[in-house]
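Worksheet for the structure shown next.
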Amino acid sequence: MHEMSIAINIIDLATDFAQKENAHVIERIQLDVGTLSGVLIDSLSFCFDAASKNTIVENAELVINAIPAKGNCTDCNNHFDVEQWPSPCPQCGGYFITVSSGKELKVKSITIN
Ligand SMILES: [Zn+2]
């Protein structure tokens, strides 16, 4: 499962960070996940709960910020919100769209104590 390997990576990253900083508790992990990243947020949070059992990350709160997708039409230079992908430019109907955000998948912050 895609989300499970992502969850394990996040837990590894947080664990390494906590060890380096001599922290004993990880309070919160914040993620930025783009709506076009291909990651299912519900599934990721379920996998995170399952994979963090009996680790230092177990009681950490996972905060997932969904980053909305934005597109840029290369024909008419229109910027717009992308509801689903692929979709045409709402202004000119063109399909030459570059995605300027919405593919993020990154750990934004880890709060330790
Ligand atoms: Zn356009």
What residue, among those in the range 66-110 that are under 28 Å from Ser5 (Cα atoms) and of a type in the set (Gly, Ala, Ser), is surrounded by the fewest Cβ atoms within 10 Å (Cβ to Cβ)? Ser109
Is there any pair linking a residue in the range 75-96 that is over 17 Å from Leu36 (Cβ atoms) to one that is part of a strand (DSSP E or B) and more than 7 Å from the ligand (Cβ to nearest atom), with Cβ under 8 Å and at least six apart or on different chains, and which? Asn78/Asn72; Gln91/Phe80
Could you list, in sequence order, all residues of the range 81-94 that are at pLDDT below 95 and within 9 Å of the ligand (Cβ to nearest atom)? Pro88
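The values are calculated or read from the model by the stated rules, or taken from the named source; none is laboratory data. Quick caveat: nothing in here was measured; it's all calculated off a predicted structure. Here the Cβ is made from the backbone with ideal geometry for all residues, glycine too, and neighbour counts use every protein chain on show.
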